[in-house]
1. Quick one: would you say LEU122 is free of Cβ contacts under 8 Å to residues at least 12 places away in the same chain, within 18 Å of ALA155 (Cα to Cα) and not small (Gly, Ala, Ser)?
2. Scan the stretch 97-134 for residues that are surrounded by fewer than 14 Cβ atoms within 10 Å (Cβ to Cβ) and more than 16 Å from SER180 (Cβ to Cβ) and jot them down.
3. Under 8 Å by Cβ, and 6 or more places apart or on different chains, what pairs join a residue from the stretch 262-273 that is assigned by TED's automatic domain parsing to the domain that holds MET209 with one that is among the hydroxyl-bearing types (Ser, Thr, Tyr) and in a loop (DSSP other than H, G, I, E, B)?
4. Give the residues of the stretch 116-167 that are over 18 Å from ASP188 (Cβ atoms), hydrophobic (A, V, I, L, M, F, W, C) and out of contact with any Cys (no Cβ under 8 Å at 6 or more places or on another chain), sorted by residue number.
5. Can you go through ASP261, ASP257 and tell me which one is touching a Gly at 6+ places or on another chain (Cβ under 9 Å) and part of a strand (DSSP E or B)?
6. Test THR265 against the stated conditions and say whether it is more than 24 Å from LEU308 (Cα to Cα), hydroxyl-bearing (Ser, Thr, Tyr) and exposed (fewer than 13 other Cβ atoms within 10 Å of the Cβ).
7. Quick one: in the stretch 266-310, which of the residues that are among the hydroxyl-bearing types (Ser, Thr, Tyr) and not in a loop (DSSP other than H, G, I, E, B) is farthest from ALA239 (Cα to Cα)?
8. Quick one: which residue in GLU123, GLU156, GLU139, GLU116 is out of contact with any Pro (no Cβ under 6 Å at 6 or more places or on another chain), within 14 Å of THR166 (Cα to Cα) and charged (D, E, K, R)?
Amino acid sequence: MEHAQGITRLGLRRVNWIREPPIRTTSPHHIDERESPRVSVREMQFTRLLGLAVVAMMLCCLLPTSSAQTPTAPGVEIDCDEKNPELDVHPLNDPVVEITCTVKNPSSFQESISVEKEWDGLEVDMMLEEDTFDLGPDEEEDFTVTFTGQTRLSAELSYDFTLTATVTNVGMLDWPEALSSNASVSGDLSIATFGMVDLDISDQSTRTMAEGDEVTISFQFQNNGNDEDRISITIFNAAELEAIGFTFPGGTFVAEDVAEDGVSTVRELVVRAPSDVVEDARHQIVFQAESGNDADAPVSEVTISLQLEASSSAGGLGGGLEEVDKDTVVMYGSIAAAVLFGLIFVVALARTLRRRANAQPVYVPPVEMEDESGDEDDGLDLSELDDLFSDDEDDEFDDVFADL
């Protein structure tokens, strides 16, 4: 402490020597070394002002002799053309965004300037093209700041950043920290929202419809974007189908809010066939899913066939055999063939059994009769019965089944 006070007194004496003639020690105005603390504070303030004046005089000596302008103290300015950039993380794009920043030396001195970043992003990197600059009086220089991330980042993420420019050298002198000048610019990096939807109709088979028939088509849709999305499903060619005679009792449009990476509930749309179908015809119904977040997102599309069958006024068997499909006709034909075969088998078997029964000899009990003439023949020739049944009749049963 004594050493510091000695330095202060020495500085004060030198200043007094510059400003005033030497004062005798015997003068009543002599400042005693042991005067009050108020006087010591004043001495220190005056010494500090004197030091700043000396530094300013040195800086003025650094100016070109031809300059007639008032010198400007060392300083720095920094700014960026885009303070709120967006990073496109769509899977089909490159997740990189660049902004241009400018650092300027507004002083009358040659300066060396350093730029530092404040960044805490984990999923995204921030890179400076250059971080040190040597600029003359009133010169400026541009540099690029690049942000590089990953695809499919959530749109809920955002990162703050700050660029700070500091004067490190003025001319050939290292600029002290106590007198250093700096400037900063801040911004916010956000993740751009993109939409991506997927429509799923599990049953895409052809719907067969008669006059006035209704079919219900069920489906779900998935949100593959990076933010909650209101996804809408529409019948794309509804106007064309309505011109033919189709109607849609439940409407041609449904929509639902679906969370990021979420799936909707099971939704459905009803299609009703025309009330008058003159001839068979096939039509297509097209379903489209669209993102509410991203108008440029591609739609997801599914097409289903509608088969119209004309009604027949002629009453055939059952009054509507034209509505029976091929599988049913084959089934009924097989049943009819089996029944017919069974009838033929029963008839053939009955005929064969009857013929064999007729071919068996009939036992006739003997009857005693008076023999009128022992030598006289009764005229009955049993051999004639054998001529009624031939041996070929036994093979008729096999011939019947051979013909079948």
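1. Yes, satisfied.
2. Answer for the stretch 97-134, where residues must be surrounded by fewer than 14 Cβ atoms within 10 Å (Cβ to Cβ) and more than 16 Å from SER180 (Cβ to Cβ): GLU98, THR100, LYS117, GLU118, ASP120, LEU122, ASP125, MET127, GLU129, GLU130, ASP134.
3. Once the first residue is assigned by TED's automatic domain parsing to the domain that holds MET209 and sits in the stretch 262-273, its partners that are among the hydroxyl-bearing types (Ser, Thr, Tyr) and in a loop (DSSP other than H, G, I, E, B) give LEU269/THR252.
4. Result: PHE133, LEU135, ALA165, VAL167.
5. ASP257
6. Yes, satisfied.
7. Step by step, filter the stretch 266-310, then rank; the result is SER300.
8. It is GLU116.
The values are calculated or read from the model by the stated rules, or taken from the named source; none is laboratory data. This is a predicted model, so every value here is computed, not measured. Methodologically, a virtual Cβ is constructed for each residue, glycine included, from the backbone with ideal geometry; neighbour enumeration extends over all protein chains shown.
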